[in-house]
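The values are calculated or read from the model by the stated rules, or taken from the named source; none is laboratory data. Quick caveat: nothing in here was measured; it's all calculated off a predicted structure. With ideal geometry, Cβ positions are generated from the backbone for all residues, glycine too; neighbour counts draw on all protein chains shown. Side chains included, ligands, DNA and RNA excluded: accessible areas come from the protein's heavy atoms. Shrake-Rupley method; radii C 1.70, N 1.55, O 1.52, S 1.80 Å.
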Amino acid sequence: MKDFIIAILISACGLPFLFMGYLIWIRERIDLIHDYHHTKVKESDRKEYTAVMGKAAILIGVGIILSGVLCTGMHSGKYGVIFGISFAAGLIMMIHAQLKYNHGIF
């Protein structure tokens, strides 16, 4: 029972990332990203920028949810590897989008 509650709590932490990623990617809500991260993004690049940033947030959210689900079956910390990989991949996607479309991280 304890593992199930922990899995639900961990998975619930991934839901805001999924929701924010959806809003940024599908709804193109660039205003959800801090101002200094998109000040130099051209209007013509806005769709591509929000797509990459939204997909990266969704990837991080999926990794959190998967690690939460897998922690019920694994009693070691190996489920953290899935979170680490998805978080690193999402972060790399975000940094790449920042460098490509904003011409710098800030």
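Rolling a 1.4 Å probe over the heavy atoms of the protein chains gives region 32-106 an accessible area of 58 Å² per residue.
Taking a temperature of 25 °C and a viscosity of 0.890 mPa s, what whole-number D in µm²/s does Stokes-Einstein yield for the chain with Rh from Kirkwood over alpha carbon pairs?
Numbers: Rh = 14.4 Å.
The Stokes-Einstein estimate is 171 µm²/s.
Measuring from centroid to centroid over Cα atoms, what is the spacing of region 81-97 and region 19-80 in Å? For region 81-97 versus region 19-80, the Cα centre distance is 9 Å. What part of the accessible area of the chain, given as a whole %, is carbon or sulfur when the probe is 1.4 angstrom? That fraction is 72 percent. With a 1.4 Å probe rolled over the protein heavy atoms of all chains, the accessible area of Val81, Val62, Val52 falls in the order Val81, Val62, Val52, largest first. Extending 7 Å from Cα along the Cβ direction at Leu99 and again at Leu15 yields two label points whose distance is 3.6 nm.
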